[in-house]
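Here is the structure we will look at.
A short reminder: the numbers here are calculations on the coordinates, not readings from a lab. This one's a predicted model, so the numbers in the text were calculated from it and none came from an experiment. In this analysis, Cβ positions are derived from the backbone assuming ideal geometry, glycine residues included, and neighbour counts consider all displayed protein chains.
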Amino acid sequence: MKTNPLLFCLLFLLANSYKTHSQSREVIVKTTDKSITIDGLGTDKAWDEANQIDDFFQYFPADTSKANFQTSVKIIRDENNLYFLAKSLTKDQNIVVPSLRRDWTGWGIDNLTFLFDTFNDQTNGFQFGTNPEGVQRESLMSNGMNDWRRDNNSSWDTKWETEAKIFDGYILNEIKIPLKFLNFPEGSKSWGLNVNRYNSSENEWTNWIQRPRNQFIHSLAYLGKMTFEDPLGKSKAPLAIIPYINGIASKNFEENTELSSLSFGGDAKIPIGNGLNLDLTLNPDFSQVEVDDQIVNLTRFEVSLPEKRQFFIQNSDLFTNFGDSRDGRPFFSRRIGVAKDKYGNTIENKIIAGARLSGKLDENWRVGFLHMITDEDIENEIPSNNNTVFSLQKKLFTRSNLSLLVINRETTKDYDFVDVNERFNRLVGLDYNLASADNVFVGRAYYHKSFKPDTNKDDDDSSFGAKIERNTRQSTIELGASFIGEDFKSDLGFVRRTDLLKITPEYKLKFYPTN
């Protein structure tokens, strides 16, 4: 077995992982029995009872002063919902809203974003954002939100309400978020909270909890506390059953031919306790899935497109946050439902059924289990496969974690057109994710080994790597290395190429202008 010296660097830095980053600001969320209408006006009497957060800090252009244009947010709840009324001061009514599309993204856009850490682990959370036109975006956050591309899943959607009004000198955003769509421990007394805002007229980023500019503004390492006057009850995520039926009939009168087909299936989402979700699917067609991103690929490697099928979204980090996300990801859910025909073309491979259990077992343990059966296509020489993924994650120290991954892809029976060495592919892996309390040190180390029917001791079938980063106000230093063996194989993964050794040192020296 090959070893990587960078693994020992992470062990040396574990001591930086147990110090708790203080939560210095707190807001008490009162409970009301008065009704609130989401109209962007904030005239309901319930708002007179609400406590508010204000006195925002700058994040950009400076991180040492208070915001030039302040934001205040009133917060209150009833038995079923959280309510927010945000007043954002502005210089004028010149705002930037380039798109009315849901899940908008990009810099330079006027917006207000709420971060919720419902389990107080500073590792996983929910993000809700809106803008002066009331357009919504929401996402799931994982791994402390250290990497915007990897740790932010905007394909997740839920139902909530928001309205916005633009007035002379300020903007009002009124928001209602149902508690039933969020996972949290039964009897929760507090959540982690932060609110971020971008003001385009001043080119000013501000937030409720002050953080240094060298840290990502959405990082879960810097949160205040939202304490509930009355502890929350049990998470009331609803049972959802979504059946479908799809039929077509046609006749060609010139050729006197007829065509007809009928398909049916459905999905179910079943909450288990306060932290687990069970997703079931039968004969899915994914007809409501958002269209793929349009990407022009000028390289010789395939492109990793984001997963947008809702069945795979919830707690997706439990399955995908392993290995090297660019070159050696052991599991990539978009492999399920597509296959190569006998000519090497990628075509749709029908999914017969699937089950997926994911979420928190308790404060320190998370679990993910996925099993899907794909259909055979004899004409195109595509076998039926059982696809199984299991992961178990243990929280370590304040924000770090250790994860086990097991993957199995196996044909359901012997096929004449399937080579003996292609009948199954298995993988076992272990990943350690490091994140210090103040997020100065972040990193990861992993080791994965694949198996196939003719595996022998001389095969170079492992993939391993490590990366450590120290990010301070003055500089960032990073050292990483990864290796993918020539015989390493993950049929359900995203591996650009094998026989790869990559070393990635990086150093940044930072200068901050004074004007």
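Of the chymotrypsin sites (Phe, Trp or Tyr not before Pro) in segment 71-115, the ones in a loop by DSSP (not H, G, I, E or B) with at most 10 other beta carbons within 10 Å are W107. The P(r) of segment 326-444 has a tail past 16 Å containing 69 percent of all C-alpha pairs. Full extension of the chain segment joining N51 with I347 gains 101.0 nm, where the gain is 0.36 nm per residue of separation less the Cα-Cα distance.
Between I28 and N456, full extension at 0.36 nm per residue minus the direct alpha carbon distance yields a gain of 148.0 nm. For the pair A355 and I503, what calculated FRET efficiency results from E = 1/(1 + (r/R0)^6), where r is the Cβ-Cβ distance and R0 = 56 Å, to the nearest 0.05? The pair I503/A355 has a calculated efficiency of 0.85. In a simple Cβ point-charge model (Lys, Arg +1; Asp, Glu -1; nothing else charged), the chain has a dipole of about 1720 debye relative to its Cα centre.
Semi-axes of the equivalent ellipsoid of the chain are 41, 31, 22 Å, computed as sqrt(5λ) over the eigenvalues of the C-alpha gyration tensor in descending order. For segment 340-439, the Cβ-based charge dipole about the Cα centre amounts to some 680 debye (Lys, Arg positive; Asp, Glu negative; other atoms uncharged).
The order of the peptides 472-482, 208-218, 376-386, 288-298 by mean Cβ neighbours within 10 Å, most packed first, is 208-218, 376-386, 472-482, 288-298. Among residues other than V389 with Cβ under 12 Å from its Cβ, the summed charge is +3 (Lys and Arg +1, Asp and Glu -1). The residue among V73, I36, F128 whose Cα reaches farthest toward the positive pole of the charge dipole of segment 32-228, with charges on the beta-carbon of Lys, Arg, Asp and Glu, is F128.
Start at zero, step by 10 Å, and the Cα-Cα distances of segment 32-228 spread as 9, 37, 41, 13, 0 percent across the bins. Cα centroids of segment 362-396 and segment 176-212: 33 Å apart. Note on R102/E202: beta-carbon distance plugged into 1/(1 + (r/R0)^6) with R0 of 22 Å gives a FRET efficiency of 0.25. The simple Förster model, with R0 at 51 Å and r as the Cβ-Cβ distance, assigns T37 and T64 a FRET efficiency of 0.80. Projected label points at N252 and N297, each 7 Å from Cα along the beta carbon direction, are separated by 3.3 nanometres. In terms of the mean number of neighbouring beta-carbon atoms within 10 Å, the peptides 455-467, 409-421 order highest first as 455-467, 409-421. Rounded to the nearest Å, what's the spacing between the alpha carbon centres of segment 97-169 and segment 216-245? Just the number, please. Each part's Cα centre sits 14 Å from the other's. With contributions of -39500 (n - 2.57) from each DSSP H run of at least four residues, the per-residue ellipticity at 222 nm computed over the chain stands at -500 deg cm²/dmol. Placing dummy labels 7 Å off each Cα toward the beta-carbon, the span from D416 to I477 is 6.5 nm.
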